[in-house]
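The values are calculated or read from the model by the stated rules, or taken from the named source; none is laboratory data. Keep in mind that what you see is a predicted model, and the values were worked out from it rather than measured. Cβ placement follows ideal geometry from the backbone for every residue including glycine, while neighbour counts extend to all protein chains displayed.
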Ligand code: GLU
């Protein structure tokens, strides 16, 4: 039987890192077994679902490169893959279960249920709701049913036990005494998550359900429903939740969780996938940098840890830097040039494109996030008109600044051969002649040409700027010194 897995986000929020990891694991598993990866939309919560969230989810799945074989927008043999288009089907299933007495109309009110649960707890028995507060079926009148108050509950067989082998957590055992007769249809005749999700999994022929651990307690319900529908249960795997570095459940307190924020901040999808893959999965060999195709080769659903995984932005940023450094210069320019042009508000000229190409290896080496590029490149195309305040007060308001700038002007003016090596030698000569450390003597030059103490390597930058422009910038900064 070929593997069919699904990622089933609810469009009630942006795609966040935890969900993206779930999507990635499903994608890898499907590809490892030459199976089918399905994307469906669990949009039964009409009030909280929005088209904007749906768009965000699809857009960032595509950004990550997690293409789906069947599902939303892509299509397939099961229609639109949106739960909101399948209400008739869920109703049909609920009616069938009612007819077979595997489900019943329920009139219990939330208040009654609370009292029931409290009593059970006080008595030390199971608080699972077993239908005892329902009227005798013979007493259910048409008007009661038409009153719009009845829900439909699944009748959990009692006594009983559901157990299954979880792909991640091993053997799981659920006593039915702990499982409520759960609602499958609300009183407004809309399906609950349990019903819609299970019917979809059955109808779509899902073989493996890989999802977050928050849904673990739903699984016995889904298994009971599946078997009540006469179908074979899927294999289930529940992924541990993500935590922040402080050991608490990952949330906005720890920083961004939306994929869009990472994309905007300049993360590359390759690094994102690599980092997400290692959250709870071990590819073996202590490997940390691993491509998606290698992941596919190794991801067979084993070696997934049941321990909570820590999402650490610092490690992700480090990994992003690794991927950026590994880019070819051409690939880097392709990503970087539009960013630089957007920053400048104009296209680069032919000559500037040449300068940028020369600058590329220097910038690439020092970039962790793509969003740092424009700041690093800007000095090559516009002379600083203002200077970073902290940099200025730290290195320009020193006795060495004027000496260093004057020395640099003299040394560079007379330089015949405008090369990195010659510039290096000339400026080091200035330091020596004035008995200055590189920190004291070179930082003012850096601020003069780039506007701040943070810039690509100085001598190369000066070479790229050219003699006239460099001298002009040093002179301008010198004039501002009092
Ligand atoms: N729609 C559910 C969610 O977004 C996931 C459903 C499932 O994987 O069974 O949490």
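Below, the figures for the structure above:
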| read-out | value |
| --- | --- |
| Among the candidates 458, 427, residue that is surrounded by 22 or more Cβ atoms within 10 Å (Cβ to Cβ) and without any contact (Cβ under 8 Å) to a residue 40 or more places away in the chain | 427 |
| Matching residues in region 68-81 - criterion: being surrounded by 19 or more Cβ atoms within 10 Å (Cβ to Cβ) and either in contact (Cβ under 8 Å) with a residue 40 or more places away in the chain or farther than 30 Å from residue 297 by Cβ (or both) | 68, 71, 81 |
| Residues within region 1-15 that are surrounded by fewer than 22 Cβ atoms within 10 Å (Cβ to Cβ) and touching a helix residue (DSSP H, G or I) at 6+ places or on another chain (Cβ under 9 Å), tallied | 6 |
| Inter-residue pairs, beta-carbon under 8 Å, first free of Cβ contacts under 8 Å to residues at least 60 places away in the same chain and in region 222-244, second away from the ligand (no atom under 15 Å from the Cβ), 6+ apart | 226/232 |
| Residue list for region 348-363, restricted to those being assigned to a helix (DSSP H, G or I), surrounded by fewer than 17 Cβ atoms within 10 Å (Cβ to Cβ) and more than 35 Å from the chain's Cα centre (by Cα) | 350, 351, 354 |
| Test for residue 65: is it touching a residue at least 12 places away in the same chain (Cβ under 8 Å), near the ligand (Cβ under 10 Å from one of its atoms) and surrounded by fewer than 18 Cβ atoms within 10 Å (Cβ to Cβ) | no |
| Per-region count, region 200-216, residues in a helix (DSSP H, G or I) and within 12 Å of the ligand (Cβ to nearest atom) | 6 |
| Search result, residues across region 298-314 that are surrounded by 14 or more Cβ atoms within 10 Å (Cβ to Cβ) and either touching a helix residue (DSSP H, G or I) at 6+ places or on another chain (Cβ under 7 Å) or over 26 Å from residue 245 (Cα atoms) (or both) | 298, 299, 301, 311 |
| Hits in region 364-380 (condition: assigned to a helix (DSSP H, G or I) and either free of Cβ contacts under 8 Å to residues at least 12 places away in the same chain or surrounded by fewer than 21 Cβ atoms within 10 Å (Cβ to Cβ) (or both)) | 365, 370, 371, 372, 374, 375, 378 |
| Test: residue 278 is touching a strand residue (DSSP E or B) at 6+ places or on another chain (Cβ under 9 Å) and either without any contact (Cβ under 8 Å) to a residue 60 or more places away in the chain or surrounded by fewer than 17 Cβ atoms within 10 Å (Cβ to Cβ) (or both) | yes |
| Number of the exception - residue 177 against (1) in contact with a strand residue (DSSP E or B) (Cβ under 6 Å, 6 or more places away or on another chain); (2) free of Cβ contacts under 8 Å to residues at least 60 places away in the same chain; (3) surrounded by 14 or more Cβ atoms within 10 Å (Cβ to Cβ); (4) not in a loop (DSSP other than H, G, I, E, B) | (1) |
| Looking only at region 225-239, and only at residues there that are within 15 Å of the ligand (Cβ to nearest atom) and closer than 18 Å to residue 174 by Cβ, the one that is surrounded by the fewest Cβ atoms within 10 Å (Cβ to Cβ) | 235 |
| Flag if residue 413 is exposed (fewer than 13 other Cβ atoms within 10 Å of the Cβ), in contact (Cβ under 8 Å) with a residue 12 or more places away in the chain and touching a helix residue (DSSP H, G or I) at 6+ places or on another chain (Cβ under 7 Å) | yes |
| Given (1) in contact with a strand residue (DSSP E or B) (Cβ under 7 Å, 6 or more places away or on another chain); (2) crowded, with 22+ Cβ neighbours inside 10 Å; (3) within 22 Å of residue 28 (Cβ to Cβ), index of the condition residue 216 fails | (2) |
| Members of region 13-57 found to be closer than 16 Å to residue 196 by Cα and within 10 Å of the ligand (Cβ to nearest atom), listed by number | 40, 41, 42, 43, 44, 45 |
| Qualifying positions in region 275-288 - at pLDDT 95 or above and in contact with a helix residue (DSSP H, G or I) (Cβ under 6 Å, 6 or more places away or on another chain) | 275, 276, 277, 279 |
| Candidates 133, 98, 113, 145 - the one that is touching a residue at least 40 places away in the same chain (Cβ under 8 Å) and more than 30 Å from residue 209 (Cα to Cα) | 145 |
| Odd one out for residue 242, checked against (1) away from the ligand (no atom under 11 Å from the Cβ); (2) under 21 Å from residue 44 (Cα atoms); (3) touching a strand residue (DSSP E or B) at 6+ places or on another chain (Cβ under 7 Å) | (2) |
